[in-house]
Amino acid sequence: MARSVLSFTPVQIALGALMGGYMSLVQHTTRWEVRRSDAMREIAARGGGAIGAFWHGRLLMSIALWPPRTQQPAILVSRSADGDVIARAAAHHKVLGIRGSTRKRRRDGTHDDKGAMSAYRAMVRHIQEGGVMAITPDGPKGPRMRVTPGALRLAEATGAPLLAVTWSIRWRKVFNSWDRFVLPFPFSRGVIIWSEPYHLPENPTAEDREAARIWLENTLIDMTREADLACGVEPVEPAPPAGARGT
């Protein structure tokens with residue numbers, strides 16, 4: 001029933017406006033402490049493409065963090081009714097929605113890569129034209145707080161710096177979803193943390209790619225824990241490593 005209601009454009013417009021407005025309310029009524037943002041601000045001031053990575057569970061406020069009037073930020077949004085709402089909320093914050101989807105498995109066991117490949121090409125083009133691409137490296141379905149290769153492929157293809165960013169807030173609701181989605185409440189105290197930029201070498205080896213994956217995963221886990229503890233809330237823990245799942 002909810003899915004069918006979301007298919008109506010007026011409902012999508014209303015929900016997108018509501019979500020975007022709520023993000024603005026939280027953004028402007030929260031006392032934010034920003035940590036280690038010098039590198040991000042230098043990249044924003046210099047211009048040129050960049051990649052910002054944050055966990056799927058912190059999506060709601062993360063798309064509003066890049067400084068306005070610098071590079072055009074964009075985020076990958078699924079081709080679904082839910083994605084339509086998110087795209088409209090992102091547009092409220094001047095964030096471009098690049099529409100695409102992850103690989104879909106057909107009934108015969110093959111995969112439909114058309115949406116994924118077109119979205120990937122659009123993301124590469126956006127970065128090469130000087131935009132900032134926001135990526136959730138554990139999205140769209142997890143495992144929670146474990147890095148999959150998407151952000152690293154973009155960094156390799158474009159040569160753009162990779163930045164990790166996270167946030168936390170004192171008053172919030174953490175949902176019992178796979179990503180432990182965090183809904184922030186307004187009139188609170190929050191922390192935003194940025195990393196130093198990471199550059200993949202030209203023509204990276206498999207070892208270079210794995211080193212970048214480990215850096216991004218560990219950096220985001222550590223920064224998210226730091227932000228949660230700074231706000232006096234229980235840290236959200238990552239899913240067990242791949243080798244430990246199912247044991």
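Identify, please: which residue in segment 148-171 is more than 16 Å from Ser195 (Cα to Cα), part of a loop (DSSP other than H, G, I, E, B) and not charged (D, E, K, R) and is, among those, farthest from the chain's Cα centre (by Cα)?
Step one: of segment 148-171, the residues more than 16 Å from Ser195 (Cα to Cα) are 148-150, 153-154, 156-159, 169-171.
Of the ones still in play, those that are also part of a loop (DSSP other than H, G, I, E, B) are 148-149, 159, 170-171.
So of that shortlist, the ones also not charged (D, E, K, R) come out as 148-149, 159, 171.
Numbers: Thr148: 13, Pro149: 14, Gly159: 19, Trp171: 21 Å.
Checked segment 148-171; the qualifying residue farthest from the chain's Cα centre (by Cα) is Trp171.
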**Asked** When segment 117-157 is examined, which residues are found to be buried (at least 21 other Cβ atoms within 10 Å of the Cβ) and at positive phi?
**Response** Met145
**Matching residues in segment 70-88 - criterion: being in contact (Cβ under 8 Å) with a residue 40 or more places away in the chain, among the hydrophobic types (A, V, I, L, M, F, W, C) and under 23 Å from Leu220 (Cβ atoms)** = Ala74, Ile75, Leu76, Ile86
**Message:** I'm trying to understand the selection: among the residues of segment 57-82, which are closer than 24 Å to Pro238 by Cβ and basic (Lys, Arg)?
**Reply:** Arg58
**Item:** Whichever residue in segment 183-224 is small (Gly, Ala, Ser) and more than 24 Å from Pro67 (Cβ to Cβ) and, among such residues, is most open to solvent (accessible area, probe 1.4 Å)
**Value:** Ala206
**Request:** Could you tell me whether Glu202 is acidic (Asp, Glu), more than 17 Å from Ala53 (Cβ to Cβ), touching a residue at least 24 places away in the same chain (Cβ under 8 Å) and assigned to a loop (DSSP other than H, G, I, E, B)?
**Result:** yes
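Would you confirm, using the coordinates I've provided, whether Leu76 is within 20 Å of Val147 (Cβ to Cβ), open to solvent by 10 Å² or more (accessible area, probe 1.4 Å) and outside any strand (DSSP E or B)?
Values: within 20 Å of Val147 (Cβ to Cβ): yes; open to solvent by 10 Å² or more (accessible area, probe 1.4 Å): yes; outside any strand (DSSP E or B): no.
Here the answer is no, as Leu76 does not meet what is asked.
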**Prompt:** Residues in segment 84-99: is at least one in contact with a strand residue (DSSP E or B) (Cβ under 8 Å, 6 or more places away or on another chain), more than 26 Å from Gly142 (Cβ to Cβ) and part of a loop (DSSP other than H, G, I, E, B)?
**Reply:** yes
**Asked** Looking at Ala227, Ala239, which one is in contact (Cβ under 8 Å) with a residue 40 or more places away in the chain and buried (at least 20 other Cβ atoms within 10 Å of the Cβ)?
**Response** Ala227
**Request:** Name every residue in segment 157-177 that is under 30 Å from Leu200 (Cβ atoms), among the hydrophobic types (A, V, I, L, M, F, W, C) and touching a strand residue (DSSP E or B) at 6+ places or on another chain (Cβ under 9 Å), in order of residue number.
**Result:** Ala160, Leu162, Leu163, Ala164, Val165, Trp167
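Just give me the residues in segment 24-69 being outside any helix (DSSP H, G or I), open to solvent by 50 Å² or more (accessible area, probe 1.4 Å) and free of Cβ contacts under 8 Å to residues at least 40 places away in the same chain, in sequence order.
Just the residues of segment 24-69 that are outside any helix (DSSP H, G or I), to begin with: 30-37, 47-55, 63-69.
If we keep only those that are open to solvent by 50 Å² or more (accessible area, probe 1.4 Å) too, we end up with 31-36, 68-69.
Matches in segment 24-69: Pro68, Arg69.
The values are calculated or read from the model by the stated rules, or taken from the named source; none is laboratory data. Keep in mind that what you see is a predicted model, and the values were worked out from it rather than measured. Because the Cβ atoms are built from the backbone with ideal geometry, glycine has one as well, and the counts that use them run over all protein chains shown. Keep in mind that these areas ignore ligands, DNA and RNA; they rest on the heavy atoms of the full protein, side chains included. Shrake-Rupley method; radii C 1.70, N 1.55, O 1.52, S 1.80 Å.
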